[in-house]
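Trainee: Quick one: the structure is below, and I'll ask about it shortly.
The values are calculated or read from the model by the stated rules, or taken from the named source; none is laboratory data. Quantities reported herein were computed from a predicted structural model and do not represent experimental measurements. Cβ sites come from the backbone with ideal geometry, for glycine too, and all protein chains shown count toward neighbours.
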Amino acid sequence: MYEKVLVSVLAFTIILMFVMLVVYLFVRKRMNRITVDLSATEKERDEEKKELVRLHTLLDQRLEWGELLFNNTQDLVFVFAVDDSGLPGKFMQVNDMACRRLGHNREKLLGMTVLDVEDTPVPTSTLGYTRTELALMSDEGIMERQNVTSSARHLMARILEERQIIYERVLVTRTGRRFPVEISARKFDLTGDPVVICTAHDITERRKVHRALRESEQRFQDFFAHSPIGVAMYDADRKLVNVNQSCVRMFGTPEQDEFSRFDMFDNPYISEEARRSLQRGENIDHEAVVDFEEIRRTGAFVTSRTGRAHFHILVHNQGLDQDYKPKGYLAQVQDVTRRRQAETALIDSERQLRQAQKMEAIGTLAGGIAHDFNNILTPILGYTEMVLLTGTKDDSSNDYLQEVLKASHRAKELVNQILTFSRQTEREGQPIQVTPIIKEILKQLKAVQGEKVEIRQDLRTEHDVVLAEPTQLHQVISNLCNNALHAMREGGGALEVLLTDFVLNERARSKYPHIEPGRYMRISVKDTGTGMDGPTAERAFEPFFTTKASGEGTGMGLAVVHGIVSCLKGAITIDTKLDVGTTFHVMLPVIEQMAEKEIERTTPVPGGSECVLFVDDEKDIVKMEAHVLTSLGYEPVVAGNGREGLRLFELNPEKFDLVITDQVMPEMTGTEMAKAILRIRPDIPIILCTGFSEAVSPQQAKTLGIREFMLKPIVMRHLAETIRTVLDAAASV
């Protein structure tokens, strides 16, 4: 029993020990696990501690960076809350830039609000007024404060509602200096209370740029509006966008809409080449001649302009914008009508000058020919007259001599025509009424002209008295009328002679630069004949130039007309067109006096017995004049040149009663010899003869002391009468 108990106890002990061992092993294992878990937890805590240290370090760095950025930004930064009244509260924080720009230290600035640093500060006690304020403030001041306060509340409400807004204000420094800023205000919620952070950026330079841009735009608008150059702007589709008043006035349109009807890019007044360039989008620089009469007739657009106008047009393609889209076109227009008219007038003046120079050169040549021809005619006329005077009336040769004399006189008239053309004859005219001469000539033409040509006259002036010779005017009008009839000899037509008067003033003188201002008479001879082309019209007044067939004209008619008109201080012009007709306009200065009719007297050829010194370098003339003087009863002494004549006079000055000398001689001219003779004997009368000379005129000769001036060829009667007049005048002194 005991043993069973002992075995049971032993078994229980063994079981208990086993259980305890199991428990021990379990607890040990659990303790090991707990130890491992504790070790891991400690390690995690170390890691967390290290991470926390790192995060604190990073936070400190970021706070340091934030503070650095906050205080070193170029913008002003304010942080403030919004009070219960809806107004901005005092600054909670400001950066260093705000302190520097506003001129306040941080402590001072933190005691202020946004309204205190703005251009219109509002005291913090804006919610009410003290009795002193109510007594001292004006109604305007109270209203201003209320308006500012209301505006500030409205702005704060917007910030709180929209969370972020941008607006502009003007801040004021401690010294009173103002500068504009752009404020970006943002709402933040800190600990449940709204806070506003404002970043103020100085926009002084931006405003300067904007102001400069506005001024530039204003200058452009002023230039665009007041520029004398017409400017029109078009979009990429070539539709008119804008046009200035100068351009509108140039085209005479009442408004922009009417101007837009004129297509700057495709119209009949630009060249085909310019039109193609515009179609390709190229720039063009061209001149257009716009016919406003045609525009008014076709109704292309409403315009107040008339006639034709010259426009210099520049169309510029403005290229592409930043999005590579076409910008459009800019057209600049200048009215160069007056410039073109001035250039045309200048070209006409140059043409007239060239024509005048050419005529002068031809006249000089013609005058030289006339001089030699006069020297040839002088002995022919002289000897023929002597034979006729000394011969018997029944002599059959007298008829032949009369024909010779008649032919010589015709040659003399031809020479006079040449001299008239060359402007070397100085004739003293008389007041002549032109109307009767025109009527007489047209009456004669109607009597001989057939029915193929209608002759009309339109004489509409009473100012028709000019200073001239009747033969000169008759020659001018007859020549022009005969030329007109010749131009209509085959097809017929109408000849019309018009007589009007006009006043040439300084403004209109450019059309007739070679005549002086004053009252003029205009004789217009108009025909409906064949007309002339440009080159023919330019040569119309040249001597010996003619379009007539051989034997029908000499080419001297219009040349003589030109010479006569020029000598009368007038002008002549041509308006002509092929197959349409020609009109000659003759302008002559008018006077107020009428001509007195001269009474012709026939007297015998006078003679005398005085001693006459005759000097000429032409031997034939010397020989002939010696016979003429002898036949008239005078005692002739002859010399072949000026030096010989002066030598003969110096040998016996008192012997001579008269000196007759040629002007153009070798070694010593007639005037040079006359001066030397007059120094020896001032009372000796001298007659100067010449066939052609540019060096001396009748007035110049008389100024030198020469009594008379004669043109070759010398006719016997004229010579005899001149000698007698000079000698009788000298004897009466």
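Trainee: May I ask you to verify whether M112 is at pLDDT 90 or above and either more than 19 Å from D202 (Cα to Cα) or part of a loop (DSSP other than H, G, I, E, B) (or both)?
Mentor: Against the criterion (at pLDDT 90 or above and either more than 19 Å from D202 (Cα to Cα) or part of a loop (DSSP other than H, G, I, E, B) (or both)), M112 qualifies.
Trainee: Still on this structure, I have one more. Criterion first (in contact with an Asp or Glu (Cβ under 9 Å, 6 or more places away or on another chain) and under 24 Å from T384 (Cβ atoms)) does I680 satisfy it?
Mentor: no
Trainee: All but one of (1) among the basic types (K, R); (2) assigned by TED's automatic domain parsing to the domain that holds Y329; (3) more than 22 Å from Q318 (Cα to Cα) hold for K187; which doesn't?
Mentor: Single failed check for K187: (2).
Trainee: Which one is surrounded by the most Cβ atoms within 10 Å (Cβ to Cβ) among residues in the range 616-649 that are part of a loop (DSSP other than H, G, I, E, B) and of a type outside the set (S, T, N, Q)?
Mentor: Checked the range 616-649; the qualifying residue surrounded by the most Cβ atoms within 10 Å (Cβ to Cβ) is D616.
Trainee: Does D399 qualify as being modelled with pLDDT under 70 and assigned to a helix (DSSP H, G or I)?
Mentor: So D399 passes the test.
Trainee: Across the range 186-203, which residue is nearest to the chain's Cα centre (by Cα) among those that are acidic (D, E) and surrounded by fewer than 16 Cβ atoms within 10 Å (Cβ to Cβ)?
Mentor: Restricting to residues being acidic (D, E) and surrounded by fewer than 16 Cβ atoms within 10 Å (Cβ to Cβ), the top hit is D189.
Trainee: Taking the options I270, I295, I313, name whichever one is in a loop (DSSP other than H, G, I, E, B) and buried (at least 16 other Cβ atoms within 10 Å of the Cβ).
Mentor: I270
Trainee: Additional query: Quick one: count up the residues across the range 222-242 that are over 22 Å from the mean Cα position of the chain (by Cα) and at pLDDT 80 or above.
Mentor: 10
Trainee: Can you find a residue in the range 315-336 that is among the hydrophobic types (A, V, I, L, M, F, W, C) and touching a Lys or Arg at 6+ places or on another chain (Cβ under 9 Å)?
Mentor: Yes, because at least one residue in the range 315-336 is among the hydrophobic types (A, V, I, L, M, F, W, C) and touching a Lys or Arg at 6+ places or on another chain (Cβ under 9 Å).
Trainee: Only one residue in I159, I183 is surrounded by 16 or more Cβ atoms within 10 Å (Cβ to Cβ) and not in a strand (DSSP E or B). Which one?
Mentor: I159
Trainee: For the range 222-256, how many residues meet the condition of being over 24 Å from G281 (Cβ atoms) and loosely packed, with under 12 Cβ neighbours inside 10 Å?
Mentor: Residues meeting the conditions: 5.
Trainee: Moving to a separate point now. Can you pull out the residues in the range 438-471 that are of a type outside the set (G, A, S) and closer than 24 Å to V503 by Cβ?
Mentor: The answer is I438, Q457, D458, L459, R460, T461, E462, H463, D464, V465, V466, L467.
Trainee: Pick out the one residue from T126, T149 that is in contact with a helix residue (DSSP H, G or I) (Cβ under 6 Å, 6 or more places away or on another chain), surrounded by 15 or more Cβ atoms within 10 Å (Cβ to Cβ) and at pLDDT below 85.
Mentor: T126
Trainee: Could you tell me which numbered condition L467 fails, if it satisfies all but one of (1) touching a Gly at 6+ places or on another chain (Cβ under 6 Å); (2) assigned to a helix (DSSP H, G or I); (3) not aromatic (F, W, Y)?
Mentor: (2)
Trainee: Sticking with this one: Any residue in the range 650-661 that is of a type in the set (A, V, I, L, M, F, W, C), touching a Phe, Trp or Tyr at 6+ places or on another chain (Cβ under 9 Å), part of a helix (DSSP H, G or I) and at pLDDT 90 or above?
Mentor: no
Trainee: Moving on. Do we have any residue at all in the range 279-287 that's surrounded by 13 or more Cβ atoms within 10 Å (Cβ to Cβ) and within 18 Å of R308 (Cβ to Cβ)?
Mentor: yes
Trainee: Suppose the filter is at negative phi and either part of a strand (DSSP E or B) or surrounded by 22 or more Cβ atoms within 10 Å (Cβ to Cβ) (or both); does V696 pass it?
Mentor: So V696 does not fit the description; no.
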